[in-house]
Amino acid sequence: MPRQNFSSGIKDNYSRGTVADFLKNNIQDGSHLSVVSAFFTIYAYEGLKDSLDRIEHMDFLFGEPRFVRSLDPEKTEKKAFIIDPTGLKLTNTLQQKRIAKECADWIRKKVSIKSVRLSNFLHGKMYHTTKNGVERAILGSSNFTSHGLGLSANNNIELNLVVDSDRADLKEWFDNLWNDTALVKDVKKEVLQYLAQVYQNHPPEFIYYKTLFHIFDKYLGDAGKTDADIGKTTLFAGAATSG
């Protein structure tokens, strides 16, 4: 189905506009953002960087704490390392490090980050902007990822609706969650620690041991077989072969 260009309160990242365009059109210099999303990726920040760098502040609420607990460079949208038959390759490394560093700097200056404490508890996704008393908001299914916001070549088909009324009530709903210490907790430190793993330079030894971990990871799940399996394997100058 070809994309259609017409005005609609529905933003589906397909035929009725994208959430990214909604945000670009409504974020202004000095805007305040309130966001609820299950996920956050540095590539979503990169796609909206020109707009997000202009804001005064963002309150970002993770609706799914499992994402925060599982933060790891190997689980981002694009991996810095891939292993194929020819060995270890570096892919997108410089770009990923640059984006992660810029995103971390932006978060330190302009973003507060919290997460709900319970998994599978908060399912809504929300983007609310305000500037000088003028509010705009959109609700639906889009997470803060490049696919979720409509920033990639192969976007998810989402279902989001621009909010035409009750925007102040929506902000009050968000603030009530944000300030409920029994329900949410601050996770900004954890997110920044994760981003530091992505952009920091690692010594060659780190890459070597990380490669070994991925080679032998499948054996580590069964302690009873590990010694026997590894005993069949010999390492020659950094290459692994079966004996």
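The values are calculated or read from the model by the stated rules, or taken from the named source; none is laboratory data. What you see is a predicted model; the values in this text were computed from it and never measured. With ideal geometry, Cβ positions are generated from the backbone for all residues, glycine too; neighbour counts draw on all protein chains shown.
Residues in segment 39-65 that are under 23 Å from residue 95 (Cβ atoms), in a helix (DSSP H, G or I), in contact with a Ser or Thr (Cβ under 6 Å, 6 or more places away or on another chain) and not small (Gly, Ala, Ser): 43 only. Residues that are outside any helix (DSSP H, G or I) and over 14 Å from the mean Cα position of the chain (by Cα) were ranked within segment 24-38; the one that is surrounded by the fewest Cβ atoms within 10 Å (Cβ to Cβ) is 29.
Looking across 133, 124, 148, one residue alone is out of contact with any strand residue (DSSP E or B) (no Cβ under 8 Å at 6 or more places or on another chain) and either over 15 Å from residue 23 (Cα atoms) or assigned by TED's automatic domain parsing to the domain that holds residue 63 (or both). It is 133. For residue 108, the stated conditions hold: it is under 22 Å from the mean Cα position of the chain (by Cα), modelled with pLDDT of 95 or more and either assigned to a helix (DSSP H, G or I) or not assigned by TED's automatic domain parsing to the domain that holds residue 46 (or both).
Counted as qualifying within segment 156-243 are the helices (runs of 4 or more DSSP H) with 1 or more residues that are outside the structural domain of residue 102 (by TED's automatic domain parsing), modelled with pLDDT of 60 or more and exposed (fewer than 12 other Cβ atoms within 10 Å of the Cβ), namely 204-220. Would you mind stating whether residue 121 is of a type outside the set (Gly, Ala, Ser), assigned to a loop (DSSP other than H, G, I, E, B) and modelled with pLDDT under 90? Yes: the conditions hold for residue 121. Taken over segment 6-65, the residue count meeting the criterion of being farther than 22 Å from residue 133 by Cβ, touching a helix residue (DSSP H, G or I) at 6+ places or on another chain (Cβ under 9 Å) and among the hydroxyl-bearing types (Ser, Thr, Tyr) is 5.
Remark: residue 160 falls outside the filter, which requires a residue to be farther than 17 Å from residue 68 by Cβ and out of contact with any strand residue (DSSP E or B) (no Cβ under 8 Å at 6 or more places or on another chain).
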